[in-house]
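Here's the structure, in structure tokens; my notes come after.
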Amino acid sequence: MASIPIESRRPVENSPHLADSHTPLIRNAWYVVATSEEITREPFGRDVMETSVVMFRSTNGAPVVLQNRCCHRSFPLAKGMLEGDSIRCGYHGPRYDTSGRCVEIPMQDKVPDNLRVRAYPAREHAPFVWAWFGDPAAVDEAALPHPQWLGSPDWDFYLGYLTINGSYVHMHENLLDLSHLSFLHPKTFGTPEYALAPVELTANGTDIQVWRRVTCELPDIYSVPLQWKGMKVLRSSGSQFVAPGLHVNSGILKNLEILEAEQQPIPLVKVAQIITPETRLKTHYWFAVCRNFARNQPEIDNFMRNAQYAAFAEDKFAIEQITRLKELDRDSDGVERHIPTDAPGIAMRRHLKALSDLEGASRQ
Ligand code: FES
Ligand SMILES: [Fe+2]
């Protein structure tokens, strides 16, 4: 990884070239719409990407994602019923197939061609289902960001979910910013040494990641499952923007008081941070926390999940307050000043803005 010493990067002032909570959402991308478990033979509605979708499984088990709003009088199709591979609106009874085409209207012989709801291409990679909200002709299979390790038998994982009343741009910025661990999370994730550790940054186009390496005692979330409480550990933490709908955090934990040969495999943590805008100001947030240690121990899952929720509640608070204050005081949006540790977030915001502008230009 070619890294740029963060200290050498000059702070950049707020700029129209950076995405913020009012930048149009990026539609030509994959976003998680549900966990695999949520999609069943019962229609299920959720608001995502400034629209509402209904989800269900077809008779062959494939996930189907359709516009939730019936094209007759906008009744939610999620309140309708499945009939084989079709869904019948619960208001006046038309039936739509899995492509969104209306195939039957009660008491009418012919169905006009323009009676249809949108169908969103969906792909399942357990434990999540992803959908594409952009131009169907531009579906990019290679851009689906599901990480191979998520759901692999080589890792144990647990899932969590929070609704954030805040912008997904601020979520990404928070996740790329390791400098907040010591202050926002002093009792959950952070240790005082974190704030002083040098940062290695990569910001080459779409490759945006940041790493910190700190010798410290681990917070309980890791020291308890590893039984390393009070021991000195080299903790390497990485944070990587992958796509508008995915961010990955990595942790490598090396105990400095135990011979390396006695701690094989080296404990690793990977967190898939799944970020799906509901609107520009509200975000679905799933997290899948994967580990290669303390395996097959449901009580460790519970312990770590509870600690994770406590920490992420602190991020939720921060992002919601940031969004609220910026909305309240939009006239002085330009007062934000950057400091060197913001560089990864700035690179990410520049990238999101460029993607959004590109889509806007292609619509004109
Ligand atoms: S609203 Fe769905 S059929 Fe009338
Ligand atoms: Fe955080």
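Readers should treat all values here as calculations from the given coordinates under stated rules, not as data from a laboratory. These numbers come from a predicted model, not from an experiment. Please note: Cβ atoms are built from the backbone with ideal geometry, for glycine as well, and neighbour counts cover all protein chains shown.
Worth pointing out:
- Applying Stokes-Einstein at 10 °C and 1.306 mPa s to the Kirkwood radius of the range 30-133, computed over alpha-carbon pairs, gives a translational diffusion coefficient of 117 µm² s⁻¹.
- For the range 154-237: relative contact order, % (alpha-carbon pairs under 8 angstrom, 6 or more apart): 20 percent
- Eigenvalues of the alpha-carbon gyration tensor of the chain, scaled by 5 and square-rooted, set the equivalent ellipsoid semi-axes at 40, 26, 17 angstrom, largest first.
- Exposure proxy order (Cβ contacts within 10 Å, fewest to most) of M304, M81: M81, M304
- Too-long pairs where the Cα-Cα distance tops 18 Å, listed order kept, from K187/K282; K229/K254; K282/K316; K282/K326; K187/K316: K187/K282
- Added length on full extension, which subtracts the Cα-Cα distance from 0.36 nm per residue, D135 to F44: 30.4 nm
- Separation of the range 101-169 and the range 50-84, taken as the distance between their Cα centroids, equals 12 angstrom.
- Between V224 and L259, the contour length at 0.36 nm per residue exceeds the Cα-Cα span by 10.7 nm.
- Sites listed here are GluC sites (Glu not before Pro) in the range 257-333 whose DSSP assignment is loop and whose Cβ has at most 10 other Cβ atoms within 10 Å: E257.
- Relative to the dominant Cα principal axis of the chain, helix 298-328 is inclined by about 80°.
- Environment charge of R212, counting only residues whose C-beta is closer than 13 Å and scoring Lys/Arg +1, Asp/Glu -1: -1
- Shape category assigned to the range 161-314 from the gyration tensor of Cα positions, a/c cut at 1.5: prolate
- Counting neighbouring Cβ atoms within 10 Å and putting the fewest first, the residues I258, I105 line up as I258, I105.
- Extended-chain gain in nm, criterion 0.36 nm per residue less alpha-carbon gap, Q321 and V335: 3.4 nm
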